[in-house]
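Data block below; observations after.
Read-outs: derived from the displayed coordinates by stated rules, not from any lab. All figures in this text were calculated on a predicted structure; none of them were measured in a lab. Note that we place each Cβ from the backbone using ideal geometry, even for glycine, and neighbour counts take in every protein chain shown.
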Amino acid sequence: MTMPTPTRLPLRCWAEIDLAALERNLRLIRASLPPSMRYVAVVKADAYGHGLHHAAARLMHSGADLFAVANVSEAATLRELGPGWPILLLSPLLPEEDRYLAEYDLAATLSSQDEVARFARVGQTAGKPIAVHLKVDTGMGRLGVWHADAPELCRRILATPGLRLAGIFTHFASPDDDVGFTAEQRKRFLAVLDRCPELDPQKIFVHADNSAGLESMPEDSRFNAVRVGLLQFGILPHPNSLLAAVHTEPVFSFHTRVGLVKTLPRGSTVSYGRTCKLARDSTVAVLCSGYGDGIPRAVSNRAAVLIHGRRCPVLGRVTMDQTIVDVTDVPGVTCGDEAVLIGRHAGGEINITEFSHWADTIPWETLCSVTKRVPRIYRTPLGI
Ligand SMILES: Cc1ncc(COP(=O)(O)O)c(C=O)c1O
């Protein structure tokens, strides 16, 4: 008897990644920006759970100018795809990681005098300057040199052999819900640029806006690049976002299957902790996935899934490998049927923002929480 190999086993829970939609999204976002604006594709955290290799390869094909990742490990994965692509590390480096800047030809985010000395040593040892983007803290309170001190650090970088200033940037703290503070951060960043007349914007990346920042980016912005994460995956940074006008579409959808259908009498309880008591005789479907796959326990008794295109509420607590839903009102549900957790099915839709709301979280975290057990199935790879 031949055993099915794991790759040939039927899928119990999977994510579909529509790479053609990713490409269309990048092109739509680009078309909505001034033609000279460069596009930094933010692909950290495994390209927001979409899979770094596939997503980055498609973004390279679609015309991204620079890739931003969180750490050296992600950068190394990206580097395998192509030697020439500029890669920016967004997180700070540990001292033992410094040498990889030269080895993998990476640009570092630089926030301090200490990093000037460290990265310059790597450049001098390698005999080739290390590219750095100076990060300016205009109010995020995370990475970056405080804006008042930025011009001095900028001059220090320019005067240091072993370093090449490839960019200068800042990051907004509340671009989705605080227009006033975002405007203040823009003002502080512009003031830094004014105090660094030696910077040539033709030669370096000047960037501030992430997805939500694009909403308030003035048409005559003096920045020449944007850093886009969420929006390129077809997700709006908040439900009322003006960016809906760009018409990006979701790249990610999340699917599972019905493993068992059974009836339970009125008054019985469902799942651990008995948090759900049935108000009627019910037909329930046990789905083949749970928090071990990335369905957060927080959606217990709150979420719904689509079966035959109809919304079926989650009953009781999500468990590690199974989730129970009410299919009393959906006739004909049977073992093996598909259930859609996030995405479209037979005319119904559950989008990631709604799903994240049920989990008391944000789409960024939902995407990062889909576990390794969930295979990513790539639709429309290149050449198809
Ligand atoms: C520094 C930085 N820039 C850009 C982004 C992309 O943000 P978004 O996914 O909201 O577009 C992130 C994401 O967390 C970030 O940390």
Projected area of segment 44-113, taken from the Cα convex hull and averaged over every viewing direction, in nm²?
4.7
Out of all DSSP beta bridges in the chain, what portion is antiparallel? Express it as a percent rounded to 5.
50
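So for the chain, averaging the separation of alpha carbon pairs under 8 Å that are six or more residues apart and normalising by length, what relative contact order in percent results?
That works out to 17 percent.
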Once a ≥ b ≥ c are taken as the square roots of the eigenvalues of the Cα gyration tensor of segment 62-155, is the result rounded (a/c under 1.5), prolate (a/b larger than b/c) or oblate (a/b not larger than b/c)?
oblate
Quick one: give the max-minus-min coordinate of the C-alpha atoms of the chain along each principal axis, largest first, in Å.
77, 55, 40
For segment 252-379, the fraction of alpha-carbon pairs in successive 5 Å shells from zero, as %:
2, 12, 22, 26, 21, 12, 4, 1, 0
Ordering 267-273, 310-316, 70-76 by per-residue average of other C-beta atoms within 10 angstrom, highest first, gives 310-316, 70-76, 267-273
Nearest-0.05 FRET efficiency for residue 61 and residue 311 at R0 = 35 Å, using Cβ-Cβ distance, is 0.45
Computed from the beta carbon distance with a Förster radius of 45 Å, FRET efficiency for residue 191 and residue 27 to the nearest 0.05 stands at 0.85
First check a/c for segment 33-234, with a ≥ b ≥ c the square roots of the eigenvalues of its C-alpha gyration tensor; if it is under 1.5, answer rounded, and if not, answer prolate when a/b is larger than b/c or oblate otherwise.
oblate
Förster radius 56 Å - calculated FRET efficiency between residue 346 and residue 155, Cβ distance, rounded to 0.05:
0.35
Contact order relative to length for segment 252-379, counting C-alpha pairs under 8 Å separated by 6 or more residues, stands in percent at 28
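Counting every Cα pair in segment 1-148, what percent are over 17 Å apart?
68
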Point-to-point label distance, residue 338-residue 184, nm (Cα→Cβ direction, 7 Å offset)
4.9
Computed helical MRE - 222 nm, the chain, DSSP H runs ≥ 4 contributing -39500 (n - 2.57), nearest 500:
-7000 deg cm²/dmol
So how far apart, in nm, are the two label points at residue 302 and residue 36 if each is 7 Å from Cα heading toward Cβ?
4.7
